[in-house]
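Structure record follows, encoded as structure tokens.
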Amino acid sequence: ARLVVIRRDGAESVIEAGDGRSVMELIRDHGIDEMLAMCGGCCSCATCHVHIVDLAFADRLPPMSGEESDLLDSARSRDATSRLSCQIPFTEALDGLRVTIAEEA
Ligand code: FES
């Protein structure tokens, strides 16, 4: 399945991946280092903040936990499209998902 990542400078990267890793891990493992993901996916840093470009996908993502929402509150650019990418397991069902890396917190 394809994951499209839009970087802060507007450049797009297309990542081909199967099930099993989180969106954060796919972005990191693709060498996109502008997303810090400092806690490594433990849902405790909020530096893996992304925006879901197409809200039609929002319904297909796992619901946001209270922890994730609390952490996002610390992010400067939080809006209705915000998610922590480490909390989104990538699956075939998410083929075509586009995310924008959020501005630095
Ligand atoms: Fe730290 Fe996602 S990597 S909250």
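Inspection of the range 5-23 finds a residue satisfying the criterion of being within 16 Å of the ligand (Cβ to nearest atom) and part of a strand (DSSP E or B).
Filtered by the rule that a residue be assigned to a loop (DSSP other than H, G, I, E, B), without any contact (Cβ under 8 Å) to a residue 40 or more places away in the chain and either out of contact with any Asp or Glu (no Cβ under 7 Å at 6 or more places or on another chain) or of a type in the set (A, V, I, L, M) (or both), the range 77-103 gives ARG78, ASP79, ALA80, THR81. Tell me which residues, restricted to the range 26-55, are more than 6 Å from the ligand (Cβ to nearest atom), among the aliphatic types (A, V, I, L, M) and under 16 Å from PRO89 (Cα atoms). Across the range 26-55, the qualifying residues are LEU26, ILE27, VAL50, ILE52. Filter the range 78-105 down to the residues that are surrounded by fewer than 14 Cβ atoms within 10 Å (Cβ to Cβ) and either within 19 Å of ASP33 (Cβ to Cβ) or aliphatic (A, V, I, L, M) (or both) and list them by number. Matches in the range 78-105: ALA80, ALA93, GLU103, GLU104. Residues that are at pLDDT 95 or above, more than 14 Å from the chain's Cα centre (by Cα) and part of a loop (DSSP other than H, G, I, E, B) were ranked within the range 56-76; the one that is farthest from the ligand (Cβ to nearest atom) is ASP73.
The values are calculated or read from the model by the stated rules, or taken from the named source; none is laboratory data. A quick note: this is a predicted structure, and the numbers were derived from the prediction, not measured. Note that each Cβ is placed from the backbone with ideal geometry, even for glycine, and that neighbours are counted across all protein chains shown.
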